[in-house]
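For reference, the structure discussed in these notes is given below.
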Amino acid sequence: MRILVSDSLSQQGLDLLSKEEDFEVDFKTNLIPDELVERIGDYDALIIRSATRVTDKVIEAANRLKVIGRAGVGVDNIELDAATRRGVLVVNTPAGNTISAAEHTLTLMLALSRRILSAGISLRNGEWMRSRFTGVELYGKVLGVMGLGRIGSEVIRRAQAFGMETIAFDPYITSAAAEKQGVRLVKRDNLFKEADYISVHIPLTPETYHSIGERELSLMKSECSLINTARGGIIDEDELYKALKAGLIAGAALDVFEEEPPTRNPLLALDNVLMTPHLGASTAEAQVHVSVEVAQQVINALRGLPVAGAVNLPKMDWQTIEVFDPYLTLVEKIGSFHAQIVDGQISEINIHYTGSLFDETDVSLITVSLQKGLLTPVLQTNVNYVNAPFFIKQRGIRIIETKSRTDGSFANAISVTVVTDQGERVIEGTSFGHQEARIVRIDQHHVNVKPGGYMVLLYNQDQPGMIGLVGTILGENNINIADMTVGRSEVGELAVTIINVDSPVPRDVLQHIENRDEISFVKQVKL
């Protein structure tokens, strides 16, 4: 089998490939697009980093290609849909930088606590001012972690070795699973109030953008320090600057920024801020790890062995996929919808299949698609059809599958109930054709919603003027409404309203809507 490596790969990764006697490995970097198109037809596997772009044209020319390996996490330089259509497996290496990122987080915490940067600069300037740089210990302090994924969990293990108390906010893990890590789960506001250090390990989404702002900073202790090695944009840097300048919190350590490089960032001028240029994964070991990991993934894929880092659909009967395709997409969106509106700690997910389409068919792939959709908005790693069930099990969430022949409403439908410590929420969907997927029920309310783009979900009093009220607020803020659906179960009770909009709704506008007495719940969803 022939393998083309078109970007830099560590020697350890190349050696692993070369040990396979029936593999021929060609290492050709800096190929221009036309050269890659011309050559790719001779290869069974392609290994890349971020420089090579695998376009539709490349995949179309790849007559022998079985697998594309990405040495790293991001796969935005690969046309995934085209690869999936051609049955080409795409794999990545989401775990390769975990230790490096976790260690960098602790490095920032320690350096910030002991004022290493300022003290070092002072010493180089010929000063000896020991009393000016008195630090604080990590021992006995409370570390609050936002997001108990791979990196967040590794940070907690290391912090516990320092004798820190560890708390976390993550609605996608059960209390029992967190307790196994020695972590106490808390509500979001409580984390900001209790922690001496807060470390951010959540992805950047429309929901998490600027989710740490003026309100959250005001909840923190004056001696609290904030660390972000996840993604720029999660923290509102303007509000962080104000809080640090006013002494509302003790300090901040940032490896990621909303604009990179942060050349004009006012935080650069503050003595109580430690900043590094996105170095979380920049270690020699991490580069070796991703190279070795991608080489092993490609070997496994070519040998027909299990591949843990598969990003697109696993090998399967494509005639079955053609039938189920609308429902695969639908349940993934239902899962994502649930993830973005959930309240409380998830303990159980019930997925109920109704109709003859599902009655005597293996629906496990659809169930996995739901899990993928549920986890994708909240995990930093690339969630896929292979690892989603593992992550769900790791978090102690129970999955229950049931079927019925019909309930009289739709020929075929899927309803998903998410159970948390604060109650249950139900979303049901169906498909009226290959491209006509619809959400038809939210809780007890019947609706007709096309799931896609930016959406606003709200619960409001069923009374005259509500559509006009919300529409006016959106209009005054230049938010255009594309569609709107209202559902109710009884006249005069709470109704549900779903609004499709053409652009994101700013946080302050959502807050303005939620502050109305007639409205009890507002969430923005991006599908």
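Across 10 Å bins from 0, what is the distribution of all Cα-Cα pair distances for region 188-275, in whole percents?
18, 57, 24, 1
Would you list the P(r) distribution for region 52-149, with all Cα-Cα distances sorted into 10 Å bins from 0 and each bin expressed as a whole %?
Once binned at 10 Å, the Cα pair distances of region 52-149 give 12, 26, 17, 16, 14, 11, 3.
What is the projected area of the convex hull of the Cα atoms of region 100-149, averaged over all directions, in nm²?
The Cα convex hull of region 100-149, projected and averaged over all directions, gives 4.6 nm².
How long are the semi-axes of the equivalent ellipsoid of region 411-481, taking √(5λ) for every eigenvalue λ of the Cα gyration tensor, in whole Å from largest down? Each step should come with its number before you reach the end.
On the way: eigenvalues 131, 66, 27 Å².
The answer is 26, 18, 12 Å, longest axis first.
Tell me whether region 351-401 comes out rounded, prolate or oblate; compute the Cα gyration tensor, take square roots of the eigenvalues as a ≥ b ≥ c, and use a/c under 1.5 as the rounded threshold. Mind showing how you got there, number by number?
On the way: a/c = 2.60, a/b = 2.07, b/c = 1.26.
It is prolate, given that a/c is not under 1.5 and a/b is the larger ratio.
Farthest toward the dipole's positive end in region 143-249, which of 183, 230, 246, given Cβ charges of +1 (Lys, Arg) and -1 (Asp, Glu) about the Cα centre?
Comparing the listed Cα positions along the dipole, 183 ranks first.
³J(HN,Hα) across region 57-73 via Karplus (A = 6.51, B = -1.76, C = 1.60, θ = phi - 60°), whole Hz, x for Gly/Pro?
Couplings: 5, 5, 5, 4, 7, 8, 5, 9, 5, 10, 8, 10, x, 10, 7, x, 8 Hz.
Could you go through region 221-229 in sequence order and give the Karplus-derived ³J(HN,Hα) for each residue, using 6.51 cos²θ - 1.76 cosθ + 1.60 with θ = phi - 60°, rounded to whole Hz, and x for Gly and Pro?
Result, rounded to whole Hz: 5, 5, 9, 6, 10, 10, 10, 10, 10.
Using alpha carbon centroids, what distance separates region 340-393 and region 460-527, in Å?
28
Can you give me the long-range amide H partners of residue 90? Hydrogens built in the peptide plane at 1.01 Å from N, cutoff under 5 Å, separation of 5 or more residues or another chain.
68, 311, 312
Just from its helices, what would the mean residue ellipticity at 222 nm be for the chain, if runs of 4 or more DSSP H residues each count -39500 (n - 2.57) and the sum is divided by every residue, rounded to the nearest 500 deg cm²/dmol?
-10000 deg cm²/dmol
On the principal axes of its Cα set, how long, how wide and how thick is region 114-175? Give whole Å, largest value first.
Per principal axis, max minus min of the Cα coordinates gives 53, 20, 16 Å.
In region 1-64, what is the volume of the convex hull around the alpha carbon atoms, normalised per residue and reported in Å³?
66
Given charges of +1 on the Cβ of Lys and Arg and -1 on the Cβ of Asp and Glu, with all other atoms neutral, how large is the dipole of the chain about its Cα centre, in debye to the nearest 20?
The dipole of the chain has a size of about 1120 debye.
Please report, in cubic angstrom per residue, the volume enclosed by the convex hull of the alpha-carbon atoms of region 73-128.
Cα convex hull per residue, to the nearest whole number: 102 Å³.
Per residue, how big is the convex hull of region 40-97 when only Cα atoms are used? Give it in Å³.
Expressed per residue, the convex hull around the Cα atoms of region 40-97 is 68 Å³.
In whole Hz, with x marking every Gly and Pro, tabulate ³J(HN,Hα) for region 116-128 from phi via Karplus 6.51 cos²θ - 1.76 cosθ + 1.60, θ = phi - 60°.
In residue order, the calculated couplings are 4, 4, 5, 5, x, 5, 4, 5, 5, 7, x, 9, 9 Hz.
Averaged over every viewing direction, what's the projected area of the C-alpha convex hull for region 387-523? Give it in nm², one decimal, please.
Numbers: hull surface 42.8 nm².
Computed as one quarter of the Cα hull surface, the answer is 10.7 nm².
For residue 446, enumerate residues with amide H under 5 Å from its amide H, sequence gap 5+ or separate chain, H modeled in the peptide plane.
Residues meeting the criterion, in which the H sits 1.01 Å from N, are 488.
Which peptide among 91-98, 169-176 comes first, and what is the full order, when sorted by highest mean count of other Cβ atoms within 10 Å?
By packing density, highest mean first, the sequence is 91-98, 169-176.
For a protection proxy built on the mean count of beta-carbon atoms within 10 angstrom, sort 139-148, 202-211 highest first, please.
The densest-packed peptide leads the list: 139-148, 202-211.
What pairs in 57/450; 180/242; 193/242; 221/333; 193/393 have C-alpha atoms more than 28 Å from each other?
Exceeds cut-off: 57/450; 180/242; 221/333; 193/393.
Determine by what factor the alpha-carbon radius of gyration of region 246-385 differs from 2.2 N^0.38 Å, reporting the quotient.
Values: Rg = 21.8 Å, N = 140, 2.2 N^0.38 = 14.4 Å.
So the Cα radius of gyration is 1.51 times the expected 2.2 N^0.38 Å.
Going by a ≥ b ≥ c, the root eigenvalues of the Cα gyration tensor, does the chain fall in the rounded group (a/c under 1.5), the prolate group (a/b larger than b/c) or the oblate group?
Oblate is the answer for the chain, as a/c is 1.5 or above yet b/c matches or exceeds a/b.
Please report the orientation-averaged projected area of region 171-223, defined via the convex hull of its C-alpha atoms, in nm².
Details: hull surface 16.9 nm².
Average of the hull's projected areas for region 171-223 equals 4.2 nm².
Rule-based calculations on the coordinates, nothing more; no lab input. This structure is a prediction, so every number in the text was calculated from the model and none was measured. Quick reminder, even Gly has a Cβ in these numbers, built from the backbone with ideal geometry, and neighbours come from all protein chains shown.
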